[in-house]
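Here's the structure, in structure tokens; my notes come after.
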Amino acid sequence: MRSILTLFSLSLVLFTPSLVVAKTLNGFSLDNATVPLNLVQSGGPPRDGIPALTDPKFESGRKAQSVKPRDIVLGLVINGEAKAYPLSILNWHEIVNDTVGGERVVVSYCPLCGSGMAFESQPEGDGQRELEFGVSGLLYSSDVLMYDRETESLWSQIHGEAVAGPQVGSKLKQIPMTLSRWSNWLQRYPDTQVLSTETGYRRDYNRDPYAGYGEHPNVYFPVANQAPSEYHQKEMVLGCWSMAMLLPSHLVNSRS
């Protein structure tokens with residue numbers, strides 16, 4: 001009987017800690033994650049290993065020399081103020097915390113999936129708190145997971161929603177952006193400002209750190225859904241949706 005009790009006590013010592021150790025990656029708790037953990041992966045760099053820009057500098061679009069006519073930019077217009085964010089810079093930083101038209105925003109770009117998204121910095125329904133975002137070094141379904149420095153919650157960039165941490169379930173209001181060649185954007189918004197290469201970091205913004213990835217037949221990290229066989233895994237697509245796609249058929253029919 002004593003040997004049984006001894007073995008039972010030993011098993012508690014050996015195995016109980018594993019029950020209480022939190023699931024963490026890059027220092028972020030995933031205990032209350034709302035996404036499949038097998039699709040949350042370290043992208044390689046540690047937290048802030050890819051440095052977000054928090055005090056970005058801009059220059060006049062008319063005078064800018066660092067951006068070429070055929071360069072691709074993400075464009076944003078709020079309250080009449082236009083700003084452009086070259087992908088050649090976003091490839092190295094992925095997140096820009098900025099103020100446009102008097103509104104605090106976060107501009108994000110994931111080089112692995114080519115998704116550029118802008119959001120208001122305040123979570124929906126929270127009129128008091130403005131968040132500052134950084135790059136967690138983690139990916140969900142091969143898409144960048146942002147984190148806010150105030151609560152260290154993880155946010156899905158493509159969903160605009162907190163998927164782990166104190167803010168889990170909170171959402172960010174998306175702001176429309178334009179993907180454009182620089183020459184077209186400048187022609188449409190001649191008073192635009194453009195993100196400067198004077199970021200405070202030593203980076204070669206003339207070099208694409210992801211060169212060749214778009215043509216490679218495979219993805220580097222697991223994704224929830226694979227592209228149909230007739231498409232390249234990195235095929236560029238334009239997504240759209242309608243209420244008819246989201247509502248049950250009997251509700252759609254009742255509206256017609």
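The values are calculated or read from the model by the stated rules, or taken from the named source; none is laboratory data. For clarity, every value in this text was computed on a predicted model and none was experimentally measured. Cβ: placed from backbone, ideal geometry, glycine included. Neighbour counts: every protein chain shown.
Some observations on this one:
- Test result for L112, modelled with pLDDT under 95 and more than 24 Å from Y189 (Cβ to Cβ): yes
- When residues in segment 85-115 are screened for being over 20 Å from N206 (Cβ atoms), part of a strand (DSSP E or B) and in contact with a strand residue (DSSP E or B) (Cβ under 6 Å, 6 or more places away or on another chain), 11 of them pass.
- Among the criteria (1) modelled with pLDDT under 95; (2) more than 20 Å from T192 (Cα to Cα); (3) surrounded by 11 or more Cβ atoms within 10 Å (Cβ to Cβ); (4) not hydrophobic (A, V, I, L, M, F, W, C), the one S3 does not fulfil is (3).
- Top-ranked residue in segment 69-87 [being small (G, A, S) and more than 25 Å from L112 (Cα to Cα); ranked as surrounded by the fewest Cβ atoms within 10 Å (Cβ to Cβ)]: G80
- Applying the condition of being surrounded by fewer than 16 Cβ atoms within 10 Å (Cβ to Cβ), polar (S, T, N, Q) and in contact (Cβ under 8 Å) with a residue 24 or more places away in the chain to segment 23-56 and asking which residue is farthest from V105 (Cα to Cα) yields N38.
- Scanning segment 123-150 for residues that are at pLDDT below 95 and among the polar types (S, T, N, Q) gives Q128, S141, S142.
- Test: residue in segment 81-90 that is basic (K, R) and more than 22 Å from the chain's Cα centre (by Cα): no
- Of S156, S170, all but one fail to be farther than 15 Å from N26 by Cα, in contact with a Gly (Cβ under 9 Å, 6 or more places away or on another chain) and touching a residue at least 24 places away in the same chain (Cβ under 8 Å); the exception is S170.
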